[in-house]
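Below you'll find the structure, written out as structure tokens, and then a few comments.
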Amino acid sequence: MKEQVWFKARVISSHGKHSFVEKEDGTVLEATRKGKKVDLAVGDIVECLQTSPEQVSIQKIEPRRSLLYRSDELRTKPLASNIDQVAVVFATRPSYNPHFIWKAMLAAETADIHILMIRNKTDFTADEALVRPFIEQLKELGAEVVEVSATTDPEGTVKSLEPLFRGKVTLLIGQSGMGKSTILNLLVKDAGQRTQEYSVALNLGKQTTTAVRWFNYEGGAIVDSPGFQEFGLSHLTLNDIMRGMPEIRDRVEYCRFTNCRHLNEPGCAVKTAVDKGEIDPERYAFYKELAEKAIAAEKNNY
């Protein structure tokens, strides 16, 4: 009887039940998940059973030290695991969506993952007055912000980002058109070629644009995600949302009621702060929308 070969590897690309894993020696193998489970995340360390010279079966997922989700009303999908920071790329052309960025911040905050904001396309100087207040707000909320122009100043972009990415596992996300792929290709020279190899091997065609991929980089890695327009947070509870927004979290103890939801309750310190102009009304409207959805979801689950 042929001896079974077992080993541990990292998931470097995943689409449904089909994935690629990389062994410690750099060997890349096509992998399938045991059973009908679709629970893998890029970045997972997995226990594999060799089924052919180029294929393995993933039997078990090792405990994760971090995990970032993106979810909607239908399903919760892991974006990446074992990451150190989330880098959100945004620009003024096409115009960025503040709610997308705030949701990414909230998802990272509730997962205890560092957040880095990359404002790209600084060469559009006419937009400076428009974007500057938003950048200052991000800093006040605790986000680290770096500003680059990947197309017009590629060397400066690499010089700015390389120290922030070196030795860390960074998940790169952003809305379509913000320049995320340009930044990835500046940092990882063969990223486009390797992405194409994954696509051909999995025979997924255009569907591969939905895949997340791992690229080793300077003692760490960059995890690339597809550009998307919405960042769902249906997996967060009301308490998660309150804990993840600094301006809400810092005022909770001053509310009259300990179970205050900061919506219609009397003696609410959060609403008082909104009335005084201490909390951005748009940020409060953002909180209210998420809170009401979370409350409705909790009722439906009973």
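Numerical summary
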| read-out | value |
| --- | --- |
| Relative exposure of K23, K103, K180, judged by other C-beta atoms within 10 Å (fewest first) | K23, K103, K180 |
| Hits among aspartates and glutamates - C-alpha to C-alpha of K299 under 15 Å, sequence gap 8 or more where chains match | E73 |
| Radius of gyration, Dmax [region 67-224; alpha carbons; angstrom] | 15.5, 47 |
| Computed P(r) (all Cα pairs; region 2-126; 5 Å bins; percent) | 2, 10, 17, 17, 14, 13, 11, 8, 5, 2, 1, 0, 0, 0 |
| Per-selection Kirkwood Rh - region 6-61 (Cα, Å, 1 d.p.) | 10.6 Å |
| E253 paired with D153, simple spin-label distance in nm, labels 7 Å along Cα-to-beta-carbon | 4.2 nm |
| Non-local Lys pairs in region 1-83, i.e. 8 or more apart or on different chains, that have alpha carbons under 25 Å apart | 27 |
| Protection-proxy order for peptides 222-231, 128-137, 149-158, 47-56, each taking the mean of Cβ atoms within 10 Å per residue, highest first | 222-231, 149-158, 47-56, 128-137 |
| Relative exposure of H235, H262, judged by other C-beta atoms within 10 Å (fewest first) | H235, H262 |
| Rounded FRET efficiency, nearest 0.05, which uses the C-beta distance separating K299 from R243 and R0 of 22 Å | 0.60 |
| Y69 long-range amide H proximity, modeled H, under 5 Å | L79 |
| Mean Cβ neighbour count within 10 Å, used as a protection proxy, ranking 109-118, 290-299 highest first | 109-118, 290-299 |
| Contour minus Cα-Cα distance for E282 and Q137 (0.36 nm per residue) | 51.0 nm |
| Structure-based [θ]222 nm, the chain - -39500 (n - 2.57) summed over DSSP H runs of at least 4, per residue, nearest 500 | -9500 deg cm²/dmol |
| For the chain, share of DSSP beta bridges that run antiparallel, in % to the nearest 5 | 55 percent |
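Each value in this text was obtained by applying a stated rule to the coordinates, not by laboratory testing. Predicted model, so just to flag it, every value in this text is computed and none were measured. Heads up, the Cβs are rebuilt from the backbone with ideal geometry, glycines too, and the neighbour counts pull from every protein chain shown.
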